[in-house]
1. Of all residues in segment 266-277, how many are open to solvent by less than 80 Å² (accessible area, probe 1.4 Å) and not β-branched (Val, Ile, Thr)?
2. Within segment 88-101, can one find any residue that is open to solvent by less than 20 Å² (accessible area, probe 1.4 Å), closer than 30 Å to Ile188 by Cα, assigned to a helix (DSSP H, G or I) and modelled with pLDDT of 90 or more?
3. Please pick out the residue among Lys195, Lys202, Lys179 that is under 19 Å from Ile127 (Cα atoms) and either part of a helix (DSSP H, G or I) or in contact with a Gly (Cβ under 9 Å, 6 or more places away or on another chain) (or both).
4. Which one of Val254, Val249, Val200 is surrounded by 12 or more Cβ atoms within 10 Å (Cβ to Cβ) and either more than 30 Å from Val129 (Cβ to Cβ) or at pLDDT below 85 (or both)?
Amino acid sequence: MAKRNALGRGLDSLISLGDIQTEGSSAISDIDLDRISPNPDQPRRSFDEEALNELAASIRELGVVQPLTLRLLDDGDYQIIAGERRWRAAKMAGLDSVPAYVRTASDSELTEMALIENIQREDLNAIEVALCFRKLIDTYNLTQERLSERIGKKRATIANHLRLLKLPAEIQLGLRDRKLDMGHARAILAIEDPKIQLKVYKRILDEGLSVRAVEQMIRQMAEKDNSEKEPSPKPANPYSGLATDLSKVFDIPVKIVRNKAGKGSVSFSFASDDELTRLVQLFDQLRK
């Protein structure tokens, strides 16, 4: 039986976008830290200081367990493709060098490889993942369906993340800083008005609302909004009682219509010549 690739659908199986061909040794080399620079297009924008300190402490005891992936630059130095967090922690731990795989890649290939590698990681925040998806779609002119096939993510996952980029900046920053999670954000997206979205976001922070509580609150807001939009019933005709009384007196339907200016009409409906004759006779009697 063929041995299963331990990486699954990891970076090595996913860098076929655009038929990338990379060269370089697959062996691990020790590279001086001062010859390594971060990738300016790195999708990760925030690094938790406490987590970095914990990783640095681990590296002091055990070293860098997982090698970095670097590319060789024209001047002989190196740039990070994957592993900036490990590089930062290694510097904090006081190491002089780190183990790394060295690959040869162009600028566009570097960006793509970094994006895909980061998407496969579970510790990116939702906004960083959304920005990765957006950059891949825009850079390589992909549909969401095609991106789904290439990176092994469900199309719904991609669509839900991209929708996050429509939220107000303050809420996006909250997602980035993990003040709320993806479930909260998806509930907020059911609201169209950005001002109301921000009000709900602040209530989540102030009251520590769960996702279920937020969903229920938004449903109640929608129900209240719909009830307020329902047309109010027409005001009752103040002359309907008089029309009823006249109908009883004349024994035929009577209708009274009046406009805002005070003008109107009183109409009598008859079903036959006999009813009309009787109505005329009644008027004659009233005239006497």
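The values are calculated or read from the model by the stated rules, or taken from the named source; none is laboratory data. Keep in mind the model is a prediction, meaning the values are calculated, not measured. A quick note on method: Cβ atoms are made from the backbone with ideal geometry, for glycine too, and the neighbour counts reach across all protein chains shown. Note: accessible area is taken over every heavy atom of the protein model, side chains too, but ligands, DNA and RNA are not part of it. Shrake-Rupley method; radii C 1.70, N 1.55, O 1.52, S 1.80 Å.
1. Matching residues across segment 266-277 total 6.
2. No: zero hits.
3. Working: Lys195 fails: under 19 Å from Ile127 (Cα atoms); Lys179 fails: either part of a helix (DSSP H, G or I) or in contact with a Gly (Cβ under 9 Å, 6 or more places away or on another chain) (or both).
Of the residues listed, the single one that is under 19 Å from Ile127 (Cα atoms) and either part of a helix (DSSP H, G or I) or in contact with a Gly (Cβ under 9 Å, 6 or more places away or on another chain) (or both) is Lys202.
4. Values: Val249 fails: surrounded by 12 or more Cβ atoms within 10 Å (Cβ to Cβ); Val200 fails: either more than 30 Å from Val129 (Cβ to Cβ) or at pLDDT below 85 (or both).
Result: Val254 is the single residue among Val254, Val249, Val200 that is surrounded by 12 or more Cβ atoms within 10 Å (Cβ to Cβ) and either more than 30 Å from Val129 (Cβ to Cβ) or at pLDDT below 85 (or both).
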